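All remarks here apply to the structure that follows.
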Amino acid sequence: DSARTQLETLKQQQSAELAAARARVEEARARVAEAKATLKNAQERLRTLKAQQDAELEDAEARVLEAKAALDAARANEMQVSIARSELDAARAAVQQAEAQLEAVKAQEMQIRMKQLDVDAARAALRQAEASLQVARANTLQVKVREAEVKSARAQTQRALAQLDNARKRFTDTTVVAPRDGVVLQKLVEEGTVISSGMSAFAQGTTIVRLGDMSCVFVDTEVDETDIIHVHVGQPVIVSVDAMPGKEFKGRVVRIDPQTTEEQNVVYVHVRVELFNPDPRLKPGMSTTCEFIVAHKPNVLRAPSEAIRETEFGTTVDVLLRNKPLNARGNPHPKPRAVRLMRRDEEEIWWAIARRVRIGLRGDDYTEIINGLREGEMVVVSYLEREEREERRRIGPFGRRLRRRRR
């Protein structure tokens, strides 16, 4: 900006100097013409005055000679004394007149001298005007030189502006701005480390930090190749985090890798899940478990999937009964099984019988029961061996062994 201001100031100054030089040249030319006209007029006046003076001088001298001749004749002629006196008076008057004319001629000669001085002054003014004209012509050449300097200054200004823009761009590149909001997950360089700019055309930029946008959280999971056919984009997912037991996050599938990945002879597919309600306590790298909702039915009767068994009689569930069951004829139910159940630190005997059920949707944890069970009935998930049951009986909650009280 300062270079442009200096350039404009220099241009205005050069234009003003050029205009002033041209005005001086025109003024000098006018003075030269005026001085030449004055000189010509003075010369004509001088010739006229000289001719007039010469004529009057010759006339005066002739009258003086004539008067002297008359005076001599009057003196010689005594008789004509009176006449001669009168003539003498006339001659004296003529002489006085001639002397007056002579004084007038001398005064005119002084005026001629004054005019000569004017002519000399005009000649000096003419020489000065010619000198001024030469100076103006020299200034014109100087103006051309200045114009060349102005062009050079303009080129230098453009070069300086280009360098300034380049320097500003480089300075802007020194300010690192995050491309989006997020949390710094990893700092890859320390203060004072020399890095390459990402804006350079000859080198790749250096990664400074890794940012995580925690406002939109994704879960990268692996789905077995046998289950991937049941997964599609937009499918609802229930995500649980190992660090937050009991808390579930809802999400949906946003991406399925187009190819499989094999690791240790296990083939799986990468699937990305977006969470709808991310928690600020979530951290990148946490372990999660994803449950893909293949189908959903509300308000249905369900049972643990581990309790469902496939037998030769069909799909069955072992149901726990408080009393030993009876068949239709009043005889005990065939193949009942006694089960020892610990309730309130006391052992109770319950009876487990196999009952055929009809199932619907089946998940990893629960299975829909269409018929065969009633709400509130207890089913057997698994049976413990005697040694394991005895060990469970001796170990209370939180892994502490129980001591029997003597009564």
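What follows is calculated from the coordinates using simple rules that are stated; it is not laboratory data. On a predicted model such as this, the values are computed, not experimentally measured, just so you know. Note that each Cβ is placed from the backbone with ideal geometry, even for glycine, and that neighbours are counted across all protein chains shown.
In segment 241-353, the ratio of gyration radius to Kirkwood radius, Rg to Rh, stands at 1.15 when only Cα atoms are counted. Rounded to the nearest 20 debye, the dipole size of the chain about its Cα centre is 3280 debye, using +1 on the Cβ of Lys and Arg and -1 on the Cβ of Asp and Glu.
Restricting to DSSP loop positions (anything but H, G, I, E, B) with no more than 14 other Cβ atoms inside 10 Å of their own Cβ, which trypsin sites (Lys or Arg not before Pro) remain in segment 213-268? Answer by residue number: K247.
Mean sequence separation of contacting Cα pairs (under 8 Å, at least six apart), scaled by the length of the chain, corresponds to a relative contact order of 10 percent. Mind pulling the angle between the C-alpha long axis of helix 81-173 and the longest principal axis of the chain? Nearest 10 degrees, somewhere in 0 to 90. Once rounded, one gets 10 degrees.
Distances between placed amide hydrogens fall under 5 Å for V209 paired with L188, all partners being 5 or more residues away or on another chain. For segment 115-223, the Stokes-Einstein estimate of translational diffusion at 25 °C and a viscosity of 0.890 mPa s comes to 113 µm²/s, using the Kirkwood hydrodynamic radius over alpha-carbon pairs.
Between amide H atoms placed 1.01 Å from N, distances below 5 Å from E248 occur with no residue 5 or more places distant or on a separate chain. The share of C-alpha pairs in segment 2-172 whose separation exceeds 27 Å stands at 63 percent. For K247, the lysines whose Cα comes closer than 22 Å to its Cα, not counting residues fewer than 8 places off in the same chain, are K283, K297. Computed over Cα pairs, the Kirkwood radius of segment 280-326 leads via Stokes-Einstein (1.567 mPa s, 4 °C) to a diffusion coefficient of 83 µm² per second. A compact globular protein would have a Cα radius of gyration near 2.2 N^0.38 Å; the ratio found for the chain is 3.09. Other residues with beta-carbon under 14 Å from the beta-carbon of P179 carry, at +1 per Lys or Arg and -1 per Asp or Glu, a net charge of 0. Mean residue ellipticity at 222 nm, helices only, the chain: -16500 deg cm²/dmol; runs of at least 4 DSSP H residues each add -39,500 (n - 2.57), and the sum is divided by the number of residues.
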